[in-house]
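Chemist: Got a structure here, written out as structure tokens. Questions coming.
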Amino acid sequence: KDILGHHIPTLVLALPLAVPLWSNLNSLEPMLEILEVPIGDATRNRFIDAFTLASGFAYISSLNEVIMCFQRTEMSLQQVTSFRDIDRMEFRLLTSRAVIGFELLYKLSFFWGMSLLACKACFDFDMSIYTFVSREEGISTLSKLAYIYTSPAVLRGVLFRVFAVVMYPSMGARSLKKFKQFTNEGNERNRQRLYSRDSSASTVIVDDIVEQESKPGVLRQRKNHQPKIGMRVKVKFEGGVVDGKITEVRSQKSTYGIKINFVGGRSLQSSYPNNDVELLKSQ
């Protein structure tokens with residue numbers, strides 16, 4: 001989708017429009033007249049500054065694509081074809097979480113930030129040409145606009161601005177969605193590391209049931225309450241506390257067997273009452 005919507009139009013339209021300027025074809029590119037103005041002229045300087053900025057933003061927009069290409073290379077060298085499988089790679093540099101996070105944030109900052117500065121540079125480019133053409137008296141505004149927007153170099157800027165308005169808002173939204181998924185995966189990885197430190201919980205705290213004693217932080221366990229499906233829980237592991245919810249309750253001889261589900265699909269089998277289960281008052 002990105003190739004069809006972005007890279008092919010760039011290849012087919014934007015690059016050919018740059019050829020007259022790169023090749024000094026005065027018959028096709030009227031902008032070259034400005035470069036014949038003596039060095040130091042304010043209009044000439046404004047033209048060069050705007051052109052440099054607009055071109056620079058176009059070049060740096062490709063940084064994330066360079067990173068993505070090298071990421072795919074790193075994956076291919078280790079016979080990995082999907083980002084879902086990168087955890088089994090022995091060596092990860094450009095596919096590390098730090099680089100992936102940077103690449104997503106960079107895309108987001110360009111689509112929703114730097115692209116606005118690039119559009120401003122394109123408008124400054126147009127205005128520098130308009131100022132140059134306005135030096136000659138007797139030229140109508142329509143003729144000035146025709147002079148400007150028959151330039152292939154200017155049309156490149158117009159193409160970029162149209163693309164930025166039409167495509168960049170949705171592309172930025174997609175980048176934000178991917179970054180949220182990326183951070184959620186990171187939180188889930190942390191939870192998995194937390195679970196792996198101790199496969200059984202030291203304490204299961206079930207919200208909704210019991211009283212808290214007058215002393216802050218001191219809990220009183222009451223063993224006559226029945227756990228119910230849907231009750232919120234906090235499970236204490238060695239590494240910290242994880243929120244969950246009771247999804248199964250099985251009545252046994254002297255206890256209840258309970259199943260607790262956590263965000264991300266992991267679960268824990270426990271029982272109540274026992275020395276590791278305390279029931280807390282609802283908040």
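The values are calculated or read from the model by the stated rules, or taken from the named source; none is laboratory data. Owing to the predicted nature of the structure, the values given are computational and were not obtained by experimental measurement. For neighbour counting, all protein chains shown are included, and Cβ atoms are generated from backbone atoms with ideal geometry for every residue, glycine included. Surface areas here come from the heavy atoms of the whole protein model, side chains and all, with no ligands, DNA or RNA. Shrake-Rupley method; radii C 1.70, N 1.55, O 1.52, S 1.80 Å.
Chemist: State the number of residues belonging to region 127-175 that are over 21 Å from GLU29 (Cβ atoms) and under 26 Å from the mean Cα position of the chain (by Cα).
Modeler: Residues that pass the stated criteria total 13.
Chemist: Turning to a different aspect of this structure: Could you please let me know if LEU53 is among the aliphatic types (A, V, I, L, M), farther than 18 Å from MET127 by Cβ, at pLDDT 90 or above and open to solvent by 60 Å² or more (accessible area, probe 1.4 Å)?
Modeler: When the stated conditions are applied, LEU53 does not pass them.
Chemist: Inspect region 129-136 for any residue being acidic (Asp, Glu), open to solvent by 30 Å² or more (accessible area, probe 1.4 Å) and assigned to a helix (DSSP H, G or I) and give the result as yes or no.
Modeler: The initial filter retains those residues of region 129-136 that are acidic (Asp, Glu), namely 136.
Among the residues that remain, those that are also open to solvent by 30 Å² or more (accessible area, probe 1.4 Å) are: 136.
After this cut, where a residue has to be assigned to a helix (DSSP H, G or I) as well, the list is none.
The answer is no; no qualifying residue exists.
Chemist: So which of MET68, MET114 ends up being part of a helix (DSSP H, G or I), within 18 Å of GLY172 (Cα to Cα) and open to solvent by 60 Å² or more (accessible area, probe 1.4 Å)?
Modeler: On the way: MET114 fails: open to solvent by 60 Å² or more (accessible area, probe 1.4 Å).
Only one candidate qualifies: MET68.
Chemist: If ALA164 meets every condition in (1) open to solvent by 90 Å² or more (accessible area, probe 1.4 Å); (2) under 30 Å from LEU32 (Cβ atoms) apart from one, which number is that one?
Modeler: Here ALA164 clears every test but (1).
Chemist: List every residue pair whose Cβ atoms sit under 8 Å apart, with the two residues 6 or more apart in sequence or on different chains, where the first one lies in region 30-55 and is β-branched (Val, Ile, Thr) and the second, anywhere, is open to solvent by 60 Å² or more (accessible area, probe 1.4 Å).
Modeler: So the pair list comes out as THR43/ARG135.
Chemist: What about PHE47, is it over 18 Å from PHE125 (Cβ atoms) and open to solvent by less than 30 Å² (accessible area, probe 1.4 Å)? Can you show your working first?
Modeler: Working: over 18 Å from PHE125 (Cβ atoms): no; open to solvent by less than 30 Å² (accessible area, probe 1.4 Å): yes.
So PHE47 does not fit the description; no.
Chemist: Would you mention how many residues in region 117-128 are hydrophobic (A, V, I, L, M, F, W, C) and either assigned to a loop (DSSP other than H, G, I, E, B) or open to solvent by less than 50 Å² (accessible area, probe 1.4 Å) (or both)?
Modeler: So the first thing to find is which residues in region 117-128 are hydrophobic (A, V, I, L, M, F, W, C), and the list is 117-119, 121-123, 125, 127.
Applying the additional criterion that residues be either assigned to a loop (DSSP other than H, G, I, E, B) or open to solvent by less than 50 Å² (accessible area, probe 1.4 Å) (or both) yields 118-119, 121-122, 125.
Of the residues in that region, 5 qualify.
Chemist: Of the residues VAL99, VAL37, VAL19, only one is closer than 30 Å to THR183 by Cβ, open to solvent by less than 70 Å² (accessible area, probe 1.4 Å) and not polar (S, T, N, Q); which?
Modeler: Values: VAL37 fails: closer than 30 Å to THR183 by Cβ; VAL19 fails: closer than 30 Å to THR183 by Cβ.
On inspection, the qualifying residue turns out to be VAL99.
Chemist: Give LYS236, LYS259 a once-over and let me know the one that is of a type in the set (Lys, Arg), open to solvent by less than 60 Å² (accessible area, probe 1.4 Å) and at pLDDT 70 or above. Quick ask: steps written out before the conclusion?
Modeler: Numbers: LYS236 fails: open to solvent by less than 60 Å² (accessible area, probe 1.4 Å).
Unique residue meeting the criteria: LYS259.
Chemist: Considering LEU35, LEU28, LEU21, which residue is outside any helix (DSSP H, G or I) and out of contact with any Phe, Trp or Tyr (no Cβ under 7 Å at 6 or more places or on another chain)? Don't jump to the end; show me each part of the working.
Modeler: On the way: LEU35 fails: outside any helix (DSSP H, G or I); LEU21 fails: outside any helix (DSSP H, G or I).
After applying the criteria, what remains is LEU28.
Chemist: Among the listed residues SER143, SER170, which satisfies the condition of being part of a helix (DSSP H, G or I), closer than 30 Å to MET75 by Cβ and among the small types (Gly, Ala, Ser)? Full working, then the answer.
Modeler: On the way: SER143 fails: closer than 30 Å to MET75 by Cβ.
Criteria check complete, one pass: SER170.
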